[in-house]
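Peer 1: Before we start, here is the structure in question, set down as structure tokens.
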Amino acid sequence: MKDSGILFIFAYLQGLREDHILPKAATSRKPEKRANLTSAKGTKKTAKPDSNTFLDVEEAIREYEDRKAAQLKAIKLVDKETLREMLYQMVLGRHFEEKCAEVYRMGKIGGFCHLYIGQEAIAIGSMLAIDKDDMVITSYRDHVQAMVKGISPEGVMAELYGREGGCVRGKGGSMHMFSKEHQFFGGHGIVGGQIGVGTGMAYAAKYKNTGQVVLCFFGEAAVNQGIFHESLNMAELWGLPCIYICENNKYGMGTSQTRAMSARSIAKKAEAYEMANEFVDGMDVMAVRGATSRAVERARKEGKPTLLEVRAYRYMGHSMSDPGNYRTREEIQKYQERDPIILFKDSLKEAKVLTDSDFEEIERLATEATEKALKFADESPLPSEDELLAHILA
């Protein structure tokens, strides 16, 4: 892959403050001029490990163009309808999560709420590369993944509201989306807890000979949990069709990866178990799709697992309760220059796959779907008292 190093220069960035203001919708804003990628004093700087300096302007320009060039090659191999669906799902995820932030501040969503803004290319690129019957399990940052797997925006939003119309009748909330019908098995609040469950799901698929593969998502902080290493060892030893996808957004809550992990390459950790692995640019939806497709083929044909380290960046804090005082606004803005949605839109336009009117239609549909979900959640009743003990097993 040509992307194997594009994001490595970002890996050591560690900032100090984010004023917890929702970034302007990247789907509607235009990228800042690349010439503006300078420090407050107007001087060009190069990021160094554990520094708070800005990225070199020319290097940022080269990265954007290199990534777009790689996308253009990949786009030629995919049909127009799939590409349109990929963009729509990314735009829908962005609008949906931005609206979640808005209604959370209004008090309509309670408890923890972890948003996916900035990481859309991971869910869409990977989950649109699997079959409908394949299984997915993930962590608590699960709203967008749930929708991509088939749970309606209405069902997700109502669940966030704690209403009866939610996908688990309002009893799961933000962190516990679930649908057996759509082979989406959560939404798990315990860091790394889903990794063992996902490994078990892959074992069941192999035992029953269903032909299914499992996508198991987790953040980079979960890699330090023992269950991660136990699961990889078992999956490789037993030949399980599991694709472990580490969504490395560089911060475990408020702690930079550079302060918490001695071996910074998560993908290479799989080599300890002789497992196939790949580093992926998580800001490039086509790169994610390609890497996942290779892993899926390996799982189906060879019965072998894969570890994908997909490195991206979340624009918001760890959750809505996180003020983000450990990052600078400037750091966030630099990553927005490589926003996955803007990058994909630019590539599709240059490839003459979609027109400006097509983009406007996608924006309209995503906005309407989000507003419809809000209306449904507002009108959905609270769960009845009978639901208090329903589905509780001892």
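Peer 1: Restricting attention to the range 175-228, which residues are assigned to a helix (DSSP H, G or I) and among the basic types (K, R)? Can you show your working first?
Peer 2: Pass one, the range 175-228, residues assigned to a helix (DSSP H, G or I): 193-208, 220-224, 226-228.
Matches in the range 175-228: K206, K208.
Peer 1: When you go through E247, E236 one by one, which is the residue that is in contact with a strand residue (DSSP E or B) (Cβ under 8 Å, 6 or more places away or on another chain) and surrounded by 15 or more Cβ atoms within 10 Å (Cβ to Cβ)?
Peer 2: Only one candidate passes the filter, namely E247.
Peer 1: Pick from the range 176-213 the residues that are touching an Asp or Glu at 6+ places or on another chain (Cβ under 7 Å) and touching a residue at least 60 places away in the same chain (Cβ under 8 Å): which of them is farthest from A295 (Cα to Cα)?
Peer 2: Selected residue: Q212.
Peer 1: Still on this structure, please answer the following. Which numbered condition trips up A205, out of (1) touching a Lys or Arg at 6+ places or on another chain (Cβ under 9 Å); (2) over 19 Å from C113 (Cα atoms); (3) crowded, with 18+ Cβ neighbours inside 10 Å?
Peer 2: (1)
Peer 1: Please verify whether the range 379-387 includes one or more residues that are in a helix (DSSP H, G or I) and either closer than 26 Å to V91 by Cβ or among the hydroxyl-bearing types (S, T, Y) (or both). Steps first, please.
Peer 2: Step one: list which residues in the range 379-387 are in a helix (DSSP H, G or I), which gives 379, 385-387.
Next, from what is left, pick out any that are either closer than 26 Å to V91 by Cβ or among the hydroxyl-bearing types (S, T, Y) (or both): 379.
Scanning the range 379-387 turns up at least one residue that is in a helix (DSSP H, G or I) and either closer than 26 Å to V91 by Cβ or among the hydroxyl-bearing types (S, T, Y) (or both).
Peer 1: Among the residues of the range 278-302, which ones are outside any helix (DSSP H, G or I), more than 14 Å from the chain's Cα centre (by Cα) and either modelled with pLDDT under 95 or of a type in the set (A, V, I, L, M, F, W, C) (or both)? It would help to see each step written out before you state the result.
Peer 2: Step one: of the range 278-302, the residues outside any helix (DSSP H, G or I) are 278-284.
Still in the list and also more than 14 Å from the chain's Cα centre (by Cα): 278-279.
Listed by number, the list holds a single entry, F279.
Peer 1: Now for a different question. If I filter the range 347-370 for residues that are basic (K, R), part of a helix (DSSP H, G or I) and in contact (Cβ under 8 Å) with a residue 60 or more places away in the chain, do I get at least one hit? Please lay out each step first, then the result.
Peer 2: Applying the first criterion (basic (K, R)) to the range 347-370 yields 349, 352, 364.
If we keep only those that are part of a helix (DSSP H, G or I) as well, we get 349, 364.
Keeping just the survivors that are in contact (Cβ under 8 Å) with a residue 60 or more places away in the chain gives none.
Checked the range 347-370: no residue is basic (K, R), part of a helix (DSSP H, G or I) and in contact (Cβ under 8 Å) with a residue 60 or more places away in the chain.
Peer 1: Of all residues in the range 169-212, which are more than 30 Å from E379 (Cα to Cα) and within 19 Å of the chain's Cα centre (by Cα)? Quick ask: steps written out before the conclusion?
Peer 2: Pass one, the range 169-212, residues more than 30 Å from E379 (Cα to Cα): 190-212.
Correct list: I190, V191, G192, G193, Q194, I195, G198.
Peer 1: Right, another one. Of these, Y335, Y326, which one is more than 29 Å from L215 (Cβ to Cβ) and aromatic (F, W, Y)? It would help to see each step written out before you state the result.
Peer 2: Working: Y335 fails: more than 29 Å from L215 (Cβ to Cβ).
None of the others qualify; the one that does is Y326.
Peer 1: Give me a count of the residues in the range 133-145 that are of a type in the set (D, E, K, R) and buried (at least 24 other Cβ atoms within 10 Å of the Cβ).
Peer 2: Adding up the residues that qualify gives 2.
Peer 1: Take the residues in the range 73-83 that are assigned to a loop (DSSP other than H, G, I, E, B) and of a type in the set (A, V, I, L, M, F, W, C); name whichever of them is surrounded by the most Cβ atoms within 10 Å (Cβ to Cβ).
Peer 2: Of the residues in the range 73-83, the ones assigned to a loop (DSSP other than H, G, I, E, B) are 76-79.
Still in the list and also of a type in the set (A, V, I, L, M, F, W, C): 77-78.
Details: L77: 9, V78: 15.
Only one residue tops the list, namely V78.
Peer 1: Let me ask something else. Restricting the first residue to the range 314-342 and requiring it to be on the phi > 0 side of the Ramachandran plot, which pairs with a second residue that is crowded, with 19+ Cβ neighbours inside 10 Å meet a Cβ separation below 7 Å and a spacing of at least six or different chains?
Peer 2: Cβ pairs passing all conditions: G324/E18; G324/G317.
Peer 1: Another question about this same structure. Among the listed residues V213, V148, V191, V156, which satisfies the condition of being β-branched (V, I, T) and either modelled with pLDDT under 95 or surrounded by fewer than 19 Cβ atoms within 10 Å (Cβ to Cβ) (or both)? Don't jump to the end; show me each part of the working.
Peer 2: Numbers: V213 fails: either modelled with pLDDT under 95 or surrounded by fewer than 19 Cβ atoms within 10 Å (Cβ to Cβ) (or both); V148 fails: either modelled with pLDDT under 95 or surrounded by fewer than 19 Cβ atoms within 10 Å (Cβ to Cβ) (or both); V156 fails: either modelled with pLDDT under 95 or surrounded by fewer than 19 Cβ atoms within 10 Å (Cβ to Cβ) (or both).
Step by step, each of V213, V148, V191, V156 is checked, and only V191 is β-branched (V, I, T) and either modelled with pLDDT under 95 or surrounded by fewer than 19 Cβ atoms within 10 Å (Cβ to Cβ) (or both).
Peer 1: Further question on the same structure: Would you say A70 is among the aliphatic types (A, V, I, L, M) and not in a loop (DSSP other than H, G, I, E, B)?
Peer 2: Working: among the aliphatic types (A, V, I, L, M): yes; not in a loop (DSSP other than H, G, I, E, B): yes.
Against the criterion (among the aliphatic types (A, V, I, L, M) and not in a loop (DSSP other than H, G, I, E, B)), A70 qualifies.
Peer 1: Would you mind stating whether G162 is in contact (Cβ under 8 Å) with a residue 24 or more places away in the chain, more than 18 Å from the chain's Cα centre (by Cα), part of a loop (DSSP other than H, G, I, E, B) and surrounded by 24 or more Cβ atoms within 10 Å (Cβ to Cβ)?
Peer 2: Numbers: in contact (Cβ under 8 Å) with a residue 24 or more places away in the chain: yes; more than 18 Å from the chain's Cα centre (by Cα): yes; part of a loop (DSSP other than H, G, I, E, B): yes; surrounded by 24 or more Cβ atoms within 10 Å (Cβ to Cβ): no.
Criteria not met by G162.
Peer 1: A further question on this structure: Does Q336 meet the test of being surrounded by fewer than 20 Cβ atoms within 10 Å (Cβ to Cβ) and either in contact with an Asp or Glu (Cβ under 9 Å, 6 or more places away or on another chain) or at pLDDT 95 or above (or both)?
Peer 2: So Q336 passes the test.
Peer 1: Restricting to the range 120-138, what's the tally of residues that are aliphatic (A, V, I, L, M), within 20 Å of G186 (Cβ to Cβ) and not in a loop (DSSP other than H, G, I, E, B)?
Peer 2: Result for the range 120-138: 7.
Peer 1: Among the listed residues S293, S321, which satisfies the condition of being farther than 30 Å from T82 by Cα and of a type in the set (S, T, N, Q)? Step through it out loud before you land on a result.
Peer 2: Numbers: S293 fails: farther than 30 Å from T82 by Cα.
Among S293, S321, only S321 is farther than 30 Å from T82 by Cα and of a type in the set (S, T, N, Q).
Peer 1: If you don't mind, there's one more thing I want to ask. Just give me the residues in the range 166-188 being surrounded by 20 or more Cβ atoms within 10 Å (Cβ to Cβ) and closer than 12 Å to H143 by Cβ, in sequence order.
Peer 2: G166, C167, G173, S174, M175, M177, F184, G187 - these are the residues of the range 166-188 that are surrounded by 20 or more Cβ atoms within 10 Å (Cβ to Cβ) and closer than 12 Å to H143 by Cβ.
Peer 1: Can you go through A267, A299 and tell me which one is surrounded by 19 or more Cβ atoms within 10 Å (Cβ to Cβ), small (G, A, S) and in contact (Cβ under 8 Å) with a residue 60 or more places away in the chain?
Peer 2: On the way: A267 fails: in contact (Cβ under 8 Å) with a residue 60 or more places away in the chain.
Matching residue, one of A267, A299: A299.
Peer 1: Of the residues M286, M275, which single one is crowded, with 24+ Cβ neighbours inside 10 Å, of a type in the set (A, V, I, L, M) and touching a helix residue (DSSP H, G or I) at 6+ places or on another chain (Cβ under 6 Å)?
Peer 2: Working: M275 fails: crowded, with 24+ Cβ neighbours inside 10 Å.
After applying the criteria, what remains is M286.
The values are calculated or read from the model by the stated rules, or taken from the named source; none is laboratory data. Not measured: the values here are computed from a predicted model. No Cβ is skipped: glycine too gets one built from the backbone with ideal geometry, and neighbour counts run over all protein chains shown.
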